[in-house]
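In what follows, a single structure is set out as structure tokens and then discussed.
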Amino acid sequence: MSKSGTRPVRLALLALALVVVGALGVSASAFGRSNAKSCGTVTLDENAWAGATANVYVVKYVLEKNLGCEVNIEKLPESTPLFQAMADGKVDVLLEDWNNIQLKVNQKYVKSGQLIDLGSNGVIGHIGWFVPTYLMKQYPQLKTWQGLKGKESIFKSPESGSQGMFLGGDPSYVQKDAQLIKQLGLNLKFVSVGAEPAQVARWSQAYKQKKPILFYWYTPQYLNTAYQLSEIKLPARSKKCVDSYNPKLGSNWSIYRCAYGQTIIEKVITSKFAKSGSPAVGVIKRWKWSANDQNTVANLIAGKHMDPEKAAEQWVKANPGKVKAWLGK
Amino acid sequence: MSVIADAAAASATPSLLVEHRPWWRSRVTLTAAIVGVMLVCYFALKAEYPWPASLTWNSLPTYLNDFQTWLVDQRNAESPSFVIRAFNGFAEFLDSLVEWFTSFLGWMTWVGVSVAGVLVSLRFGGVRASIWALAAFVMFAASGLWAESMQTLALMLAAVGLSLLVGIPLGVYAGLSTRFERAVTPVLDAMQIIPAFAYLMPVVILFSVGPGAAVITTMIYAIPPAIRITALGIRGVPANTVEAALAMGSTPAQTLAKVRLPLARRMLLLSVNQTILFALSMVVIAGLIGGKGLGDVVTSGLNSYPALALLAGLVIVVMAMALDRVTESVAERTNPARRHLTDERRRRLRLASVATGIAVIAVVAVSRLLGVGADYSRTTARDWLLARIQSVLDYVQNPDTALFRVTSWIGDHIVQYGLVPFRNFLVETPWPVTLLGITLISLAVSGRRSAITTFVMLAVIGVIGEWASAMDTASQVLVATVLTVVIGLGLGVWAAESRTFSRILRPINDVLQTLPQLVYLIPLIYLMPVSVVPGVIAGVLYAFPVVARLVENGVRNVEANTVEAAESFGATRSQVLRKVKVPLAQDAIMLGVNQGIIMVLAVVVIGGLVGSPGLGYEVAQGLARSDFGLGVLASVAILALGIALDRVTRGARRAQLEEGP
């Protein structure tokens with residue numbers, strides 16, 4: 001009995017010794033990088049789309065490997081819920097905001113000094129009306145909206161009756177398509193199939209069957225490397241042009257009668273994180289990459305089902321120059 | 001899920017006193033006549049009278065958005081008020097509770113958790129229950145989702161525990177006081193009809209995101225069944241037993257503690273069972289607001305890796321079925337009618353409990369000493385499972401298969417001959433005609449009180465500016481309900497006549513009830529690529545098992561001597577079925593229709609996430625675009641529509657039973 005009683009004690013002593021050695025090792029290695037303050041924990045938000053996953057895992061890889069940060073990932077619904085969570089200190093960094101921070105309800109967080117808008121992350125987003133390229137070849141007049149006029153019936157579907165169907169985007173995304181259709185006098189019916197996976201399911205199926213389909217789509221998007229899509233040119237932009245339908249702007253819909261603009265995708269961080277003195281702040285501020293870079297990583301993750309950590313590692317190893325710039329070296 | 005249905009069926013057992021009205025005054029004829037008049041108005045005055053702007057409260061959305069702004073200001077003020085701080089504190093308490101449960105499960109190690117689960121199920125539920133528990137742990141390990149499963153389990157422990165803490169005392173009170181029960185029933189209805197998407201935004205503003213917010217969202221949905229079934233159990237205690245106790249001089253408190261609660265024990269345990277199942281159906285929604293675990297895998301997998309989302313969905317199903325079977329068998333075992341405890345048996349049971357306790361402690365201690373990890377991390381069947389699921393998805397996505405030709409044909413026809421005409425009829429008929437028509441149908445089917453409620457609810461929908469969207473949603477609900485009733489009626493009658501089929505139906509029922517709808521909506525979109533159909537079909541899949549079950553119970557409960565009498569007159573089996581059993585089960589069937597409609601409504605709203613237009617879409621949009629006003633108004637309209645549809649189909653007899661004469 002007494003023998004078996006000493007065993008846990010010995011084990012505990014051994015464990016204690018290990019902990020002490022480990023702690024010494026950690027502090028020693030921290031000394032080795034004495035020029036930098038220790039990084040601590042950084043929490044990144046991961047949006048629901050593949051491009052955002054690519055951002056998060058590449059930044060996570062760099063922060064962990066180069067600065068020894070501990071990186072957490074949260075996945076929260078966009079816009080107010082996320083900004084509130086950031087204000088509450090549950091998330092430090094949002095790497096890809098499609099202008100939600102510009103909404104009036106969310107500007108409060110910036111004005112009160114809780115959140116900081118860091119500006120572009122290097123990726124320029126663009127929304128438009130797309131058709132498969134094979135269809136564009138078959139009907140070259142689809143290059144512009146004027147050419148689409150009179151040809152709407154080729155897009156007929158069970159939901160649209162005698163009209164052509166316009167497949168709308170995810171309801172949470174910026175859009176004004178129903179208003180555009182009316183303003184341009186097109187014989188199209190706006191049909192939404194909801195969240196993005198559903199919309200992709202719908203148009204990619206038509207694509208596989210080589211059927212005509214006209215839909216709301218955007219770049220950068222990793223699927224654009226797998227599917228050949230062409231954009232229909234919409235009326236040129238004017239100064240008072242608005243991209244997101246808002247009933248409060250009144251019933252004069254002519255303000256929507258123009259192509260979508262270029263969206264500068266932004267980074268948002270909390271001021272608490274900015275003041276933390278962590279070296280991660282500098283990296284996040286300098287972090288920028290192109291739509292092409294993002295698509296490469298997103299395609300590995302969502303297209304090829306590669307583990308996101310590995311996909312990030314692969315890209316970082318292939319692009320040492322870009323990573324060096326982020327690290328400020 | 002079956003208990004509510006059973007309980008409801010019990011209150012609608014067929015009576016031999018079928019009312020005899022002249023044919024021209026029967027429910028069916030009157031309803032048909034009203035619809036006929038509505039059709040005439042529809043064809044004569046198509047789309048000429050939409051709900052007028054003068055009858056709409058236009059400034060309401062602005063007020064609601066101002067309220068949201070005010071709330072956000074309060075929340076982020078320099079020194080927040082006491083109320084806000086209380087909300088914060090509560091959320092933080094819940095956060096740490098969930099974290100504590102998670103780390104406790106981790107501390108027990110994966111071996112410890114599995115052994116504890118299996119042994120406890122064995123002791124209190126029996127061999128079959130323990131096999132279910134074992135199957136669940138095997139599934140967690142094989143899917144490679146052990147850590148996520150434990151996070152979900154911890155979330156469930158917190159949410160279910162707190163729901164019962166609130167629900168059982170309230171349920172006991174509702175069982176004792178009719179007045180309280182009547183007061184609380186509409187609140188419970190609202191908690192179950194309003195889609196969780198609708199209150200995600202307020203929850204997030206008040207409680208922020210994280211496990212705490214996920215627990216609160218889950219509790220809103222899981223408390224009602226706890227209250228309802230507990231109340232049912234307390235009411236089910238035989239009155240003469242209670243009287244006897246009172247006559248012998250027991251105080252009301254003594255009667256409650258010594259007579260009512262022990263006799264209601266089985267129902268109390270069933271309320272635990274139902275609370276768990278309701279809570280599990282919220283796992284995915286909880287994943288949206290920072291509840292970690294399987295729900296998170298489902299929501300984030302949908303975009304980038306649907307096969308993984310489906311796998312996580314299957315793990316949720318297995319977890320739900322195991323929890324259901326274990327708690328159900330525990331409940332059955334404590335049934336006083338089945339328990340004949342001798343002193344000897346009692347002593348042996350106590351010994352078994354002690355042995356179980358010691359074994360669990362020993363296993364946990366040994367596996368901790370051996371350094372067993374918190375999560376199972378050895379070889380899994382994950383890649384194999386994912387490859388299988390992916391091949392199913394690939395097959396479904398391929399538009400050249402025979403299956404696709406059949407399903408897309410069905411989908412197209414549902415749209416062309418069901419949804420489009422129904423929608424046009426409801427949306428384009430002049431609004432006064434629709435309003436009066438539906439109210440009159442309610443009067444014919446369910447009586448005066450129900451008709452008044454229906455009228456008020458429809459008027460509310462109009463005034464808040466949701467008339468067109470609500471009619472759109474109603475058309476989807478109606479089409480889905482027709483399909484649900486046709487399928488449910490057929491399967492229910494079949495199951496009543498054949499025990500074998502009844503046994504086959506049960507696991508199908510369980511899977512359809514617990515598999516998160518978002519998971520099967522994606523394959524449905526591939527198979528029926530027309531926007532509204534997947535939502536409608538998902539509603540049918542969710543609701544038909546319950547309708548089938550209610551019909552089955554109704555038909556089976558037709559009194560044996562009535563059937564014998566018919567048989568002795570020489571009626572064939574099909575004659576007995578058509579002329580005796582089905583007519584006598586009329587009330588149960590009506591209840592099936594009623595429950596079916598409410599369940600379909602709940603899912604059609606989720607269909608909004610994948611594009612079914614109408615109220616669900618507006619709720620999703622309100623959440624996605626931070627438009628508080630839009631989300632709230634659409635949710636209110638969903639609730640009003642749910643109540644109206646419930647009253648229309650309630651039937652006169654149940655209306656009388658529940659609302660008093």
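State which residue is surrounded by the most Cβ atoms within 10 Å (Cβ to Cβ) when the search covers only the range A:64-82 and only residues that are under 19 Å from the mean Cα position of the chain (by Cα) and more than 9 Å from every other protein chain (Cβ to nearest Cβ).
Start the filter on the range A:64-82 by keeping residues that are under 19 Å from the mean Cα position of the chain (by Cα), which leaves A:71-82.
Of the ones still in play, those that are also more than 9 Å from every other protein chain (Cβ to nearest Cβ) are A:71-73.
Working: A:71: 21, A:72: 14, A:73: 16.
Restricting to residues being under 19 Å from the mean Cα position of the chain (by Cα) and more than 9 Å from every other protein chain (Cβ to nearest Cβ), the top hit is A:71.
So in the range B:88-98, with the set limited to residues that are within 13 Å of another protein chain (Cβ to nearest Cβ) and buried (at least 17 other Cβ atoms within 10 Å of the Cβ), which one is nearest to residue B:216 (Cα to Cα)?
Ranking the qualifying residues of the range B:88-98, first place goes to B:91.
Six or more apart or on different chains, Cβ under 9 Å: which pairs go from a residue in the range B:574-595 that's more than 21 Å from residue B:192 (Cα to Cα) to one that's hydroxyl-bearing (Ser, Thr, Tyr)? Could you list them?
B:580/B:562; B:581/B:562; B:584/B:15; B:584/B:562; B:587/B:13; B:587/B:15; B:588/B:13
Need the failing condition index for residue A:166 against (1) crowded, with 21+ Cβ neighbours inside 10 Å; (2) modelled with pLDDT of 90 or more; (3) under 21 Å from residue A:76 (Cβ atoms), just the number.
(3)
Can you work out which of the residues in the range B:192-217 that are within 12 Å of the chain's Cα centre (by Cα) and in a helix (DSSP H, G or I) is nearest to residue A:106 (Cα to Cα)?
Quick first cut of the range B:192-217, residues within 12 Å of the chain's Cα centre (by Cα) only: B:192-196.
Cutting the leftovers down to in a helix (DSSP H, G or I) gives us B:192-193, B:196.
On the way: B:192: 31, B:193: 30, B:196: 23 Å.
Step by step, filter the range B:192-217, then rank; the result is B:196.
Going through the range B:145-182 one residue at a time, which ones are assigned to a loop (DSSP other than H, G, I, E, B) and either buried (at least 19 other Cβ atoms within 10 Å of the Cβ) or in contact with a helix residue (DSSP H, G or I) (Cβ under 7 Å, 6 or more places away or on another chain) (or both)? Spell out the reasoning first.
Filtering the range B:145-182 down to residues assigned to a loop (DSSP other than H, G, I, E, B) leaves B:145, B:177.
Result: B:145, single match.
Limited to the range A:156-195, what total is found for residues that are in contact (Cβ under 8 Å) with a residue 60 or more places away in the chain, under 22 Å from the mean Cα position of the chain (by Cα) and within 12 Å of chain B (Cβ to nearest Cβ)? Please lay out each step first, then the result.
Initial filter on the range A:156-195 (in contact (Cβ under 8 Å) with a residue 60 or more places away in the chain): A:172-176, A:178-180, A:182-184.
The next check asks that each one be under 22 Å from the mean Cα position of the chain (by Cα); those that pass are A:172-176.
The next check asks that each one be within 12 Å of chain B (Cβ to nearest Cβ); those that pass are A:172-175.
The number of residues fulfilling the criteria is 4.
If I filter the range B:390-403 down to residues being touching a residue at least 40 places away in the same chain (Cβ under 8 Å) and within 12 Å of another protein chain (Cβ to nearest Cβ), which single residue comes out as nearest to residue A:209 (Cα to Cα)?
B:397
In the range B:404-415, which residue that is within 30 Å of the chain's Cα centre (by Cα) and not hydrophobic (A, V, I, L, M, F, W, C) is nearest to the other protein chains (Cβ to nearest Cβ)?
Among those residues, the one meeting the criterion is B:412.
Quick test for you: out of B:374, B:381, B:352, pick the one residue that is surrounded by 18 or more Cβ atoms within 10 Å (Cβ to Cβ), under 30 Å from residue B:154 (Cβ atoms), at pLDDT below 90 and among the aliphatic types (A, V, I, L, M).
Selected residue: B:374, the only one of B:374, B:381, B:352 that is surrounded by 18 or more Cβ atoms within 10 Å (Cβ to Cβ), under 30 Å from residue B:154 (Cβ atoms), at pLDDT below 90 and among the aliphatic types (A, V, I, L, M).
Criterion first (buried (at least 19 other Cβ atoms within 10 Å of the Cβ) and touching a helix residue (DSSP H, G or I) at 6+ places or on another chain (Cβ under 9 Å)) does residue A:148 satisfy it?
The answer is yes for residue A:148.
What strands (runs of 3 or more DSSP E) completely inside the range A:52-156 contain at least 2 residues that are among the charged types (D, E, K, R)? Write out each step before concluding.
Details: elements: A:70-74, A:93-97, A:115-132.
The qualifying strands (runs of 3 or more DSSP E) are A:70-74, A:93-97.
Would you confirm, using the coordinates I've provided, whether residue B:277 is under 16 Å from residue B:156 (Cα atoms) and either in a loop (DSSP other than H, G, I, E, B) or in the same structural domain as residue B:192 (by TED's automatic domain parsing) (or both)?
It is true that residue B:277 is under 16 Å from residue B:156 (Cα atoms) and either in a loop (DSSP other than H, G, I, E, B) or in the same structural domain as residue B:192 (by TED's automatic domain parsing) (or both).
So if I check each of B:271, B:300, which one is away from chain A (no Cβ under 14 Å), among the polar types (S, T, N, Q) and assigned to a helix (DSSP H, G or I)?
Numbers: B:300 fails: away from chain A (no Cβ under 14 Å).
After applying the criteria, what remains is B:271.
Closer than 24 Å to residue B:533 by Cβ and within 14 Å of chain A (Cβ to nearest Cβ) - does that describe any residue in the range B:624-638?
yes
Inspect the range B:607-624 for any residue being touching a helix residue (DSSP H, G or I) at 6+ places or on another chain (Cβ under 8 Å), on the phi > 0 side of the Ramachandran plot, modelled with pLDDT of 80 or more and of a type outside the set (D, E, K, R) and give the result as yes or no.
Yes; the residues of the range B:607-624 include at least one that is touching a helix residue (DSSP H, G or I) at 6+ places or on another chain (Cβ under 8 Å), on the phi > 0 side of the Ramachandran plot, modelled with pLDDT of 80 or more and of a type outside the set (D, E, K, R).
List the helices (runs of 4 or more DSSP H) inside the range B:398-504, counting only whole elements, that have at least 1 residues being within 28 Å of residue B:550 (Cβ to Cβ) and β-branched (Val, Ile, Thr). Explain how you work it out, then say what you get.
Values: elements: B:402-414, B:420-428, B:431-446, B:448-463, B:467-497.
Ranges flagged: B:402-414, B:431-446, B:448-463, B:467-497.
Residue B:463 is checked against (1) within 19 Å of residue B:614 (Cβ to Cβ); (2) crowded, with 22+ Cβ neighbours inside 10 Å and fails just one. What number does that condition carry?
Result: residue B:463 fails condition (2) only.
Looking at the range B:548-589 only, could you name the residues that are at pLDDT below 80, farther than 15 Å from residue B:493 by Cβ and assigned to a helix (DSSP H, G or I)?
B:560, B:561, B:587
Is it the case that residue B:419 is crowded, with 19+ Cβ neighbours inside 10 Å, within 23 Å of residue B:46 (Cα to Cα), more than 14 Å from chain A (Cβ to nearest Cβ) and out of contact with any His (no Cβ under 7 Å at 6 or more places or on another chain)?
Numbers: crowded, with 19+ Cβ neighbours inside 10 Å: yes; within 23 Å of residue B:46 (Cα to Cα): yes; more than 14 Å from chain A (Cβ to nearest Cβ): no; out of contact with any His (no Cβ under 7 Å at 6 or more places or on another chain): yes.
No.
I need the full set of residues from the range A:83-114 which are surrounded by fewer than 18 Cβ atoms within 10 Å (Cβ to Cβ), charged (D, E, K, R) and away from every other protein chain (no Cβ under 11 Å), in order please.
Once the filter is applied, which keeps residues that are surrounded by fewer than 18 Cβ atoms within 10 Å (Cβ to Cβ), charged (D, E, K, R) and away from every other protein chain (no Cβ under 11 Å), the range A:83-114 yields nothing.
Residues being surrounded by fewer than 17 Cβ atoms within 10 Å (Cβ to Cβ) and of a type in the set (A, V, I, L, M, F, W, C): count how many of those fall in the range A:249-263.
2
Looking only at the range B:422-437, count how many residues are hydroxyl-bearing (Ser, Thr, Tyr) and within 14 Å of chain A (Cβ to nearest Cβ). Steps first, answer last, please.
If we filter the range B:422-437 for residues that are hydroxyl-bearing (Ser, Thr, Tyr), which is where we start, we get B:429, B:434.
Right, trim to within 14 Å of chain A (Cβ to nearest Cβ) and you get none.
Residues flagged as hydroxyl-bearing (Ser, Thr, Tyr) and within 14 Å of chain A (Cβ to nearest Cβ) within the range B:422-437 amount to 0.
All but one of (1) surrounded by fewer than 24 Cβ atoms within 10 Å (Cβ to Cβ); (2) within 16 Å of the chain's Cα centre (by Cα); (3) within 14 Å of chain A (Cβ to nearest Cβ); (4) not basic (Lys, Arg) hold for residue B:520, so report the exception by its number.
Residue B:520 satisfies every listed condition except (2).
Residue check: is residue B:161 within 14 Å of another protein chain (Cβ to nearest Cβ) and at pLDDT 90 or above?
For residue B:161, the condition - within 14 Å of another protein chain (Cβ to nearest Cβ) and at pLDDT 90 or above - is not met.
Can you tell me which condition residue B:342 does not meet? The list is (1) within 14 Å of chain A (Cβ to nearest Cβ); (2) over 30 Å from residue B:524 (Cβ atoms), and all the others hold.
For residue B:342, the failing item is (1).
State which residue is farthest from the other protein chains (Cβ to nearest Cβ) when the search covers only the range A:264-280 and only residues that are surrounded by 20 or more Cβ atoms within 10 Å (Cβ to Cβ) and not small (Gly, Ala, Ser).
A:279
The values are calculated or read from the model by the stated rules, or taken from the named source; none is laboratory data. From a predicted model like this one, the values you see are computed outputs, not experimental measurements. Heads up, the Cβs are rebuilt from the backbone with ideal geometry, glycines too, and the neighbour counts pull from every protein chain shown.
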